[in-house]
1. Looking at the range 109-131, can you tell me whether even one residue there is in contact with a Gly (Cβ under 6 Å, 6 or more places away or on another chain), assigned to a helix (DSSP H, G or I), over 24 Å from Cys73 (Cα atoms) and of a type in the set (Gly, Ala, Ser)?
2. Output the residue which, of all residues in the range 266-311 that are among the charged types (D, E, K, R) and assigned to a helix (DSSP H, G or I), is farthest from Leu119 (Cα to Cα).
3. Taking the range 24-52, which residues are of a type in the set (Ser, Thr, Tyr) and either at pLDDT below 95 or surrounded by fewer than 22 Cβ atoms within 10 Å (Cβ to Cβ) (or both)?
4. Among the residues of the range 273-327, write down those that are closer than 30 Å to Lys190 by Cα and of a type in the set (Asp, Glu).
5. Considering only the range 204-228, state which residues are in a strand (DSSP E or B) and either within 19 Å of the chain's Cα centre (by Cα) or modelled with pLDDT under 95 (or both).
6. Which one is surrounded by the fewest Cβ atoms within 10 Å (Cβ to Cβ), of the residues in the range 118-176 that are in contact (Cβ under 8 Å) with a residue 12 or more places away in the chain and among the polar types (S, T, N, Q)?
7. Look through the range 251-273, keep the residues that are of a type in the set (S, T, N, Q) and exposed (fewer than 12 other Cβ atoms within 10 Å of the Cβ), and return whichever of them is farthest from Arg133 (Cα to Cα).
8. Out of the residues in the range 285-304 that are under 20 Å from Gly243 (Cβ atoms) and small (Gly, Ala, Ser), state the one that is surrounded by the most Cβ atoms within 10 Å (Cβ to Cβ).
Amino acid sequence: MTITPETPRAAIVGAGLMGRWHAHAATRAGARIVAVVDTDRSAAAVLSARYPASRIASDLDELGGIATVAHVCTSVETHAATATTLLAAGLHVLVEKPLAASPGETAALLEQAVAADRLVCPVHQFPFQRGVRKALEALSTVGPVLHLDFVICTAGAAGEEARASLVESVLPHPLSLVSAFLPGALARLKWQVVRPHPGELRAVSACGSATVSILLSTSGRPTTNTVALICERGTISVDLFHGFSVIEAGGVSRARKITRPLARSAATLSAAAQNLIWRAARRQPAFPGLNELTAMFYEAVADGRPSPISPAEVLEIAVARQLILNSGGV
């Protein structure tokens, strides 16, 4: 990398799994990693060692004179306080989802960013995936949307409290896609929520002629992350783990009914193979959409443009998330 005075200087706050991937995405976006902060000094040392220009910072207050952008990859309950300190220090801030634990904290951060003339943005990367972009383009051909069905079976939590927390942290992802696929609908949705036990949640709603269903499970296997857009003139299936989509036309015939399983399998295999090649060529082994969102965030910082996710959308997603989590369920 050629270092110039304009090269973004990035700090990684939180040296765990997501901190490592954020550092990768930042460098892919042209940034130089200059600092790593983590209460676990050994983890900070491991990540810092990957980037010779970086140093281990003892606390957030040091970063104002070191970095121009900070990536917050710590636990959800620390997001608001961490981002508040970083914005006050003059940094632009990219924060793992959710941006904050509550809509009130989210609104306060967004207001602080405006006052400080800095950008703050949560990592709602799914709308920036190649497969989602393809699905959005296809809606003009197969739409309108009748049903939006999410199935998310995720791993990485042991114990009831950890499972419940995982559901809370994952929920912004499908909500960000509801906002993308049904523009303007999210704020109007009233949710019916079923939570049979911690780590399992189903939320259902309707907006006009469209319905939305979100299934979040920490026990269902195999792990999966998909959304199906059932439309009037076809169906779009998006694999959110891998970032590709398959579009099926809506024609009706006996031959189509008989051959559909084979045609769908062939289309899925083709899309998955092309996507694997595309991601390998761009060194994107995991978390599709993260590189794209990160690059757009850095471009916005450099050009003085608005955040790639508008403050209104960020707050709308935070409010919808809280509405679902506050539901007593059945």
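The values are calculated or read from the model by the stated rules, or taken from the named source; none is laboratory data. Not measured: the values here are computed from a predicted model. Virtual Cβ from ideal backbone geometry, glycine too; neighbours counted across all protein chains shown.
1. Step one: list which residues in the range 109-131 are in contact with a Gly (Cβ under 6 Å, 6 or more places away or on another chain), which gives 125-126, 128-131.
Okay, now just the ones that are also assigned to a helix (DSSP H, G or I), so 126, 128, 130-131.
After this cut, where a residue has to be over 24 Å from Cys73 (Cα atoms) as well, the list is 131.
Narrowing further to those that are of a type in the set (Gly, Ala, Ser): 131.
There is at least one residue in the range 109-131 that is in contact with a Gly (Cβ under 6 Å, 6 or more places away or on another chain), assigned to a helix (DSSP H, G or I), over 24 Å from Cys73 (Cα atoms) and of a type in the set (Gly, Ala, Ser).
2. In the first step, residues of the range 266-311 are kept if they are among the charged types (D, E, K, R); the result is 279, 282-283, 292, 299, 303, 305.
Then drop every residue that is not assigned to a helix (DSSP H, G or I), which leaves 279, 292, 299, 303.
Details: Arg279: 28, Glu292: 17, Glu299: 11, Asp303: 12 Å.
Applying the filter and picking the extreme gives Arg279.
3. As a first pass, look at the range 24-52 and keep what is of a type in the set (Ser, Thr, Tyr): 27, 39, 42, 48, 51.
Thr27, Thr39, Ser42, Tyr51, listed by residue number.
4. Result: Glu313, Glu316.
5. Kept after step one, since they are in a strand (DSSP E or B), are these residues of the range 204-228: 204-207, 210-217, 224-228.
The answer is Cys207, Val212, Ser213, Ile214, Leu215, Leu216, Ser217, Thr224, Asn225, Thr226, Val227, Ala228.
6. Only one residue tops the list, namely Thr141.
7. Step one: of the range 251-273, the residues of a type in the set (S, T, N, Q) are 253, 259, 265, 268, 270.
Subsequent filtering for residues that are exposed (fewer than 12 other Cβ atoms within 10 Å of the Cβ) retains 253, 265.
Numbers: Ser253: 29, Ser265: 21 Å.
So the residue we want is Ser253.
8. Gly289
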